[in-house]
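Here's the structure we're looking at; comments come further down.
The values are calculated or read from the model by the stated rules, or taken from the named source; none is laboratory data. Given the structure is predicted, the values throughout are model-derived calculations rather than measurements. Here Cβ is always computed from backbone atoms with ideal geometry, including for glycine, and neighbour counts include all displayed protein chains.
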Amino acid sequence: MTTPLRQEQKIVHFLNRTSFGPTPAAVQRASQLGVRDYLEEQLAPEAIADGAVEEKVAGLKTMRMNSRELFELYPPPKAARERGMATNAMNAPRLVIFELQQARLLRAVYSQRQLYEVMVDFWSNHFNIFAAKGANRWLMTSYDRDTIRPHALGKFRDLLLATAQSPAMLFYLDNWLSVGPNSRAALQTGNSRRRGLNENYAREIMELHSLGVDGGYSQQDVHEIARCFTGWTLRRPRGEAEFMFNPRMHDPTAKTVLGKHIPASGGMEDGVKVIDLLAHHPATARFIATKLARRFVADDPPASIIEQAAAAFRRSDGDIPTVVRTIIDAPEFFEPTFYQAKIKKPLEYVASALRITEADTRVTPQLLRYLGRMGERLFLAQPPTGYPDVASSWISSDMLLTRMNFASDLAANRIDGARVPMQMGDTQPLIGLIAPGSLSSATQAALSETAGSDTLALLLAAPEFQRR
Amino acid sequence: MDRSRRTFIKSAGVGFLALGLPPPFLVRAAAQQSSRSKVLVVIFQRGGMDGLNVVIPFKDPAYYALRPSIAVAEPAAGEEGAIDLDGFYALHPALSPLKKIYDQGQLAIVHAAGSPDNTRSHFDAQDCMELGTPGIRSTPDGWLNRFLTQRERGDSPFRGLAVTPQTPRILAGAAPTLSLSTIEEFRPRNLTVAPALQKLYANAADPLFRRGGQTLFEAMARLRSIEAKIPPSTASYPAGRFPAGLKQIARLIKADVGLEIAFTEIEGWDTHVAEGGATGQLANRLKELGEALVAFHQDVGDRMEDVVIVTLSEFGRTARENGNRGTDHGHANVMFVIGGHVRGGRVYGRWPGLAPELLYEGRDLDLTTDYRAVCGEVIARHMGQRDLGQVFPGFRSPVGQLGII
């Protein structure tokens, strides 16, 4: 397609990129305000009333609990036995993760703060944590609520620091156990259980969280950063977990990180200096700009957008709304090449289907199983890399079949927890929200040959609806 | 980092022999059209397996000093000890079921093997290994797909199969490949919509969907036509996603659906903390791996004549244990090659040694066998694809023939 996008296509494109999919109400609002003002509204989420979805989420009682309460009410089987508690499906630790998954999907479907939820999803994946690793079962709720969500549209540096000090990240990437080779704890003699350096977090904070794998660091930098972060640990991982700096574990000698000298005896400040160094490094600006452009524009975003976004990142001291605004304001954003250029990842696909059909949604295990079969188990990506954001990762034959089966089950109201209203037999209005004026002849022909809920199934399974 | 990586690869390749190829009469009847196709099963152990605690060099004087709390005891230690293979190497006790296959001569082990790339990033190292061009990350396709592309034979939708939800990098590329989780669930839920969807996808302008849809519907049709004839499995696989995936592969091998390449993966090898020795975290992963492999071996039975299994993991781990009774990202690793025609029952590869001055970059097991030498030999001698120029472009084996197969 080379002709410029028409107005209704621009609005669909904009909503596809800044939300979990167009709805009639969102299209109306964006048309009324204009894309530019609608974006500004979305970039200030605290001003958008969101009572309806928060009421649904409020029904998930673990969402308000701290890690101690979660550990006490949803203990591991062994602790439960010791306390004489009966274990059952209602107090199993996996229920905590289940409620997190429910909340994530409910907010994707129902929140009015759509761009904010898109960013929460983006950062959760960028700073991925596997919720089923040990104590993370009880730490993830706070990680989502107190670490990611408050900073999702804030400053990158604050987000990086918040994750570095979050009990969940300290636990997941093992930094809480890392002991400086020259620390008092290590030098103490006669201790047979002497501990030492663990470089897991030091590597991932550079490779995955900030500089990127080509960001120009060496194995020596990994080692030095690991020494800087020694002593960044946590109290009570299985209880009221909280960040603490333990000077006995900290390596007090001088370090050199990415060519910068960090003098001896810096204590906890060594780690803060590393955060500042990484957050303000040009490679970080570029890496984050590239990932955001990949989310909002295309799998291989044009260099011009990456450059503008990286420059905005540097200029604004890593202000996330400024970078997002720069990407969407870029003249290339509405180029026809990028229209429907992204394949929806499973969360985007399922949420957009529930939104466009205006399905009455309670998140059930069946719904989440579908997401899992499509390859995106929420909060359960095991490697620190998180889930990929490119088409090739999400369209295998197995995933395609699962999407088709999901579409069939949703259209026929065979999914427990998602009720599609009856009037959805008429798919015409939906086409205007999916591919206004550009539905392929193959899809048109197929739609005309089916009837009833099968038509809806077909539309939701069609290639057009796999893209955004 | 990139520059040093490239330089290393370049220098390692210069002046060595090309990968030795067998005389034609030894290339088994792979080229003949037969429903009993040769099969290569690749298992990826994601996370970086600690090869030094899997096949233990118990006679290397440095091993026990490097690993005071996680070393696996010598075979002489009895129950908790490793299982002696040849007086120098020993198998982790959790892999005891594999010893029988080793003794039958169907399990070959290659130590100090892996990718020459020096990256210690999980995803970078996995990409490298899957693309088959260490040091060059712009390669668009995976080496298993290049094998399928180059050897155009048969049009079975099952030629290249991943038992993973996503298509892995190693299978991405021009040749159509299939992914499925289970044979039973690989069917449409709505039989009236399915034909319309098949037609819609067949006519889709978007090649991603046209091709994906074609493979999907052909495979479903083929499966339904032979499903009833697949012999039931008598082997008992352990619980878990990985064993379940291997079982699917075994069934498809027995069903003669034209499978040539099968891929699956097993996670959980990133043992930075509390790795354990004879028992513990790593031992638990090995138990699942070993029991699943033995079940597969038994399940496939006589057809192991046509099957070779190769295991890969992105890198090994530090020779020295870290400060948390675990190990960090390292370099060379250990590979398993299992099959009816494998010259097993021995450990291949030159042992580089674990003394401080012998360690790679002062910390890791050095690499003496490029994984492409192992995989290339399997592709050439088992799969019958003698020209490896497309599969592993630019690769010349520094070690020549290994003679594993």
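Helices (runs of 4 or more DSSP H) wholly in the range A:429-468 with at least 3 residues that are touching a residue at least 12 places away in the same chain (Cβ under 8 Å), within 29 Å of the chain's Cα centre (by Cα) and under 16 Å from A:ALA351 (Cα atoms) - which ones? If you could, list the steps in order and put the result at the bottom.
Numbers: elements: A:441-448, A:453-461, A:463-466.
The helices (runs of 4 or more DSSP H) meeting that bar are A:453-461, A:463-466.
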Subset of the range A:138-165 (residues that are over 16 Å from the mean Cα position of the chain (by Cα) and either without any contact (Cβ under 8 Å) to a residue 60 or more places away in the chain or buried (at least 24 other Cβ atoms within 10 Å of the Cβ) (or both)): A:TRP138, A:LEU139, A:ASP158, A:ALA164
Residue, nearest to the other protein chains (Cβ to nearest Cβ), within the range A:363-376, restricted to residues that are assigned to a loop (DSSP other than H, G, I, E, B) and without any contact (Cβ under 8 Å) to a residue 60 or more places away in the chain: A:GLY375
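Filter the helices (runs of 4 or more DSSP H) completely within the range B:54-135 down to those with at least 1 residues that are charged (D, E, K, R) and modelled with pLDDT of 95 or more.
B:96-103, B:122-131
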Pick from the range B:142-161, criterion outside any loop (DSSP other than H, G, I, E, B) and under 14 Å from the mean Cα position of the chain (by Cα), ranking: nearest to the other protein chains (Cβ to nearest Cβ): B:LEU161
Filter result (modelled with pLDDT under 95 and not aliphatic (A, V, I, L, M)) within the range A:129-170: A:LYS133, A:GLY134
Filter result for the condition that a residue is under 22 Å from A:TRP394 (Cα atoms) and modelled with pLDDT under 95, over B:THR192, B:THR139: B:THR139
Meets criteria (out of contact with any strand residue (DSSP E or B) (no Cβ under 8 Å at 6 or more places or on another chain), touching a residue at least 12 places away in the same chain (Cβ under 8 Å) and either under 30 Å from A:ALA312 (Cα atoms) or not in a loop (DSSP other than H, G, I, E, B) (or both)) for A:GLY239: no
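This table checks each residue for (1) over 21 Å from B:SER313 (Cβ atoms); (2) surrounded by 23 or more Cβ atoms within 10 Å (Cβ to Cβ).
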site: B:LEU85; (1), (2): no, no
site: B:LYS100; (1), (2): yes, no
site: B:GLY105; (1), (2): yes, no
site: B:ALA108; (1), (2): no, yes
site: B:ASN118; (1), (2): no, no
site: B:ILE136; (1), (2): no, no
site: B:THR139; (1), (2): no, no
site: B:PHE147; (1), (2): no, yes
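Could you tell me how many of the residues in the range B:202-211 are facing another protein chain (nearest Cβ under 7 Å), at pLDDT 90 or above and under 16 Å from A:ARG403 (Cα atoms)? Steps first, answer last, please.
Initially, the range B:202-211 is screened for residues facing another protein chain (nearest Cβ under 7 Å), giving B:203-206, B:208-209.
Adding the requirement that they be at pLDDT 90 or above leaves B:203-204, B:209.
Then drop every residue that is not under 16 Å from A:ARG403 (Cα atoms), which leaves B:209.
Counting residues in the range B:202-211 that are facing another protein chain (nearest Cβ under 7 Å), at pLDDT 90 or above and under 16 Å from A:ARG403 (Cα atoms) gives 1.
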Residue within the range A:409-427 that is assigned to a loop (DSSP other than H, G, I, E, B), among the acidic types (Asp, Glu), touching a residue at least 40 places away in the same chain (Cβ under 8 Å) and surrounded by fewer than 17 Cβ atoms within 10 Å (Cβ to Cβ) present: yes
Residue selected from the range B:304-339 under the condition within 11 Å of chain A (Cβ to nearest Cβ) and not in a loop (DSSP other than H, G, I, E, B), by the criterion surrounded by the fewest Cβ atoms within 10 Å (Cβ to Cβ): B:THR318
Criterion violated by A:GLU199 - all others in (1) surrounded by 24 or more Cβ atoms within 10 Å (Cβ to Cβ); (2) modelled with pLDDT of 95 or more satisfied: (2)
Qualifying positions in the range B:175-204 - aliphatic (A, V, I, L, M), within 30 Å of B:ARG153 (Cβ to Cβ) and assigned to a loop (DSSP other than H, G, I, E, B): B:ALA175, B:LEU180, B:ILE183, B:ALA204
Test result for A:LYS10, among the basic types (Lys, Arg), surrounded by fewer than 22 Cβ atoms within 10 Å (Cβ to Cβ) and over 27 Å from A:PHE465 (Cβ atoms): no
Residue within the range A:156-179 that is touching a Pro at 6+ places or on another chain (Cβ under 6 Å) and under 30 Å from A:ALA47 (Cα atoms) present: no
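For the range A:355-411, what are the residues that are among the aromatic types (Phe, Trp, Tyr) and within 25 Å of A:VAL53 (Cβ to Cβ)? Talk me through it step by step, then tell me what you get.
Within the range A:355-411, the first condition is being among the aromatic types (Phe, Trp, Tyr), and the residues that meet it are A:370, A:379, A:387, A:394, A:406.
Residues satisfying the conditions are A:TYR370, A:PHE379, A:TYR387, A:PHE406.
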Cβ-Cβ under 7 Å pairs, at least 6 apart or on other chains, the range B:357-374 side without any contact (Cβ under 8 Å) to a residue 12 or more places away in the chain, far side in a loop (DSSP other than H, G, I, E, B) and not aliphatic (A, V, I, L, M): B:LEU358/B:PRO352; B:LEU358/B:ASP366
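Given the structure, is A:ALA132 touching a residue at least 12 places away in the same chain (Cβ under 8 Å), among the hydrophobic types (A, V, I, L, M, F, W, C) and touching a Phe, Trp or Tyr at 6+ places or on another chain (Cβ under 8 Å)?
Details: touching a residue at least 12 places away in the same chain (Cβ under 8 Å): yes; among the hydrophobic types (A, V, I, L, M, F, W, C): yes; touching a Phe, Trp or Tyr at 6+ places or on another chain (Cβ under 8 Å): no.
No, not satisfied.
Test A:THR326 against the criterion of being without any contact (Cβ under 8 Å) to a residue 24 or more places away in the chain and either among the polar types (S, T, N, Q) or touching a Leu at 6+ places or on another chain (Cβ under 9 Å) (or both), and give yes or no. Spell out how you get there, then give the answer.
On the way: without any contact (Cβ under 8 Å) to a residue 24 or more places away in the chain: yes; either among the polar types (S, T, N, Q) or touching a Leu at 6+ places or on another chain (Cβ under 9 Å) (or both): yes.
It is true that A:THR326 is without any contact (Cβ under 8 Å) to a residue 24 or more places away in the chain and either among the polar types (S, T, N, Q) or touching a Leu at 6+ places or on another chain (Cβ under 9 Å) (or both).
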Enumeration of residues in the range B:50-71 that are more than 24 Å from the chain's Cα centre (by Cα) and crowded, with 23+ Cβ neighbours inside 10 Å: B:ARG67, B:ILE70
Pairs with Cβ under 7 Å, 6+ apart, first in the range A:199-217 and more than 8 Å from every other protein chain (Cβ to nearest Cβ) and in contact (Cβ under 8 Å) with a residue 60 or more places away in the chain, second not aromatic (Phe, Trp, Tyr) and not in a helix (DSSP H, G or I): A:GLU204/A:LEU173; A:GLU204/A:PRO384; A:MET206/A:GLY215; A:LEU208/A:PRO384; A:LEU208/A:THR385; A:SER210/A:HIS281; A:LEU211/A:HIS281
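Take A:ARG238 and tell me if it is surrounded by 15 or more Cβ atoms within 10 Å (Cβ to Cβ) and within 26 Å of the chain's Cα centre (by Cα).
Working: surrounded by 15 or more Cβ atoms within 10 Å (Cβ to Cβ): yes; within 26 Å of the chain's Cα centre (by Cα): yes.
Considered against the rule, which asks whether it is surrounded by 15 or more Cβ atoms within 10 Å (Cβ to Cβ) and within 26 Å of the chain's Cα centre (by Cα), A:ARG238 comes out as yes.
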Sole exception among (1) at the interface with chain B (Cβ under 7 Å from one of its Cβ atoms); (2) of a type in the set (D, E, K, R); (3) surrounded by fewer than 19 Cβ atoms within 10 Å (Cβ to Cβ); (4) within 25 Å of the chain's Cα centre (by Cα) for A:ASP389, by number: (1)
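If only one of B:THR139, B:THR182, B:THR164 is away from chain A (no Cβ under 11 Å) and hydroxyl-bearing (Ser, Thr, Tyr), which one is it?
B:THR139
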Condition met for B:LEU171 (facing another protein chain (nearest Cβ under 7 Å) and under 23 Å from B:LEU312 (Cα atoms)): no
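Tell me, please, whether a residue that is within 24 Å of the chain's Cα centre (by Cα) and at negative phi can be found in the range A:81-89. Quick ask: steps written out before the conclusion?
From the range A:81-89, those within 24 Å of the chain's Cα centre (by Cα) are none; that's our starting set.
The answer is no, given that none of the residues of the range A:81-89 is within 24 Å of the chain's Cα centre (by Cα) and at negative phi.
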